[in-house]
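The next block holds one structure in the form of structure tokens; read it before the comments.
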Amino acid sequence: MTDIAMEQRARARATWGAGNWDEVSKFLPPVGQVVLDLAGVGPGLDVLDVGTGSGGTVAIPAAQRGARVVGVDVTPENFPAALRRAAEAGVDVDWVEGDAAALPLPDDRFDRVLSTFGHAFAPDQESAGRELVRVCRPGGTIVATMWTPEGYFGDMFKLVGGHMPPPPAGFQPPVLWGTETRWRELVEPLGVELEFRRELLVYETEDDPETFFSKYERDFGPLVVARGVLGDGFAALQSDLRAQLASANTHPAGGVRFEAEYLVAIGRV
């Protein structure tokens, strides 16, 4: 691994190790259900979850369906929560530290290669695309999701990026993975047959908007990092993010409810 790649990996680990991903991820299991259903995950299949986090979205539900599951994440700080969740669910998952752009796994290892957003945050998108295909067996299926650029979280990442210092040369925004065009650029040349669908994840809680926002900026790693980088300038980002939430919120009784669009890519290898 080059010095630049090692630096990028360290930065990704620091970002997603900040905050409390296990808490943030509690809204995401409906996305995992979509992915598992589209992938046809069931007993006896070898399944990889790329960017598994604490495992509650894909890895553990896949194991509950009878699959043999490996969960890979660049941030092993998530694994204690993953181990606890797996024990509570009564399943075994093999948790492996690894970068989505350089998976520490053999070729043609898995029947299903899945990712709910995790692969998209690898700084080297070309390598991440190749890795998704490399570890999937011929005849297997890749199913992965990313927030669309025009959806709630696509807008949020634009707001955050507008306040942060300029990214390093060659930076590729993760939300590019939320477009059919990027998937076709990266994965179709590798012989993968692609299809797409767009879905909506509904975030809903009885927490009032201020409580919801306070928890999110405390637990979501990129916002924790942004606070540290921006210092006093973080207040301006907070103001923009609160305005975004207020504009999207449709809860009828003082809580929070908004829809977040994401793209699902299904690849046949």
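Candidates are the residues of the stretch 145-156 that are outside any loop (DSSP other than H, G, I, E, B) and of a type outside the set (Gly, Ala, Ser); the one that is surrounded by the most Cβ atoms within 10 Å (Cβ to Cβ) is THR145. The single condition among (1) touching a Cys at 6+ places or on another chain (Cβ under 8 Å); (2) assigned to a loop (DSSP other than H, G, I, E, B) that PRO167 does not satisfy is (1).
I'd like the full set of residues that are more than 17 Å from GLY32 (Cβ to Cβ) and buried (at least 22 other Cβ atoms within 10 Å of the Cβ), limited to the stretch 114-129. Within the stretch 114-129, ALA122, PRO123, ALA128, GLY129 qualify.
With respect to the conditions (1) in a loop (DSSP other than H, G, I, E, B); (2) among the acidic types (Asp, Glu); (3) in contact with a strand residue (DSSP E or B) (Cβ under 8 Å, 6 or more places away or on another chain), GLU195 falls short on a single one, namely (1).
Which of the numbered conditions does THR181 fail, given that it passes all the others? Conditions: (1) at pLDDT below 95; (2) assigned to a helix (DSSP H, G or I). All conditions are met except number (1). Every condition in (1) under 17 Å from ALA14 (Cα atoms); (2) crowded, with 18+ Cβ neighbours inside 10 Å holds for ASP111 except the one numbered (1). Return a yes/no flag: does the stretch 2-10 have any residue that is aliphatic (A, V, I, L, M), assigned to a helix (DSSP H, G or I) and at pLDDT 95 or above. Scanning the stretch 2-10 turns up no residue that is aliphatic (A, V, I, L, M), assigned to a helix (DSSP H, G or I) and at pLDDT 95 or above. In summary, strands (runs of 3 or more DSSP E) completely within the stretch 35-144 and bearing 1 or more residues that are aromatic (Phe, Trp, Tyr) occur at 94-97, 110-116.
Taken together, LEU159, LEU201, LEU176 contain a single residue that is under 21 Å from PHE121 (Cα atoms), within 16 Å of the chain's Cα centre (by Cα) and in a helix (DSSP H, G or I), which is LEU176. Looking at the stretch 12-51, which of the residues that are of a type in the set (D, E, K, R) and in contact (Cβ under 8 Å) with a residue 40 or more places away in the chain is surrounded by the fewest Cβ atoms within 10 Å (Cβ to Cβ)? Top of the filtered list is GLU23. Would you check if VAL93 is of a type in the set (Val, Ile, Thr), on the phi < 0 side of the Ramachandran plot and surrounded by fewer than 22 Cβ atoms within 10 Å (Cβ to Cβ)? No, not satisfied.
The values are calculated or read from the model by the stated rules, or taken from the named source; none is laboratory data. If you're wondering where the values come from, they're calculated on a predicted model, not measured in any experiment. Cβ: placed from backbone, ideal geometry, glycine included. Neighbour counts: every protein chain shown.
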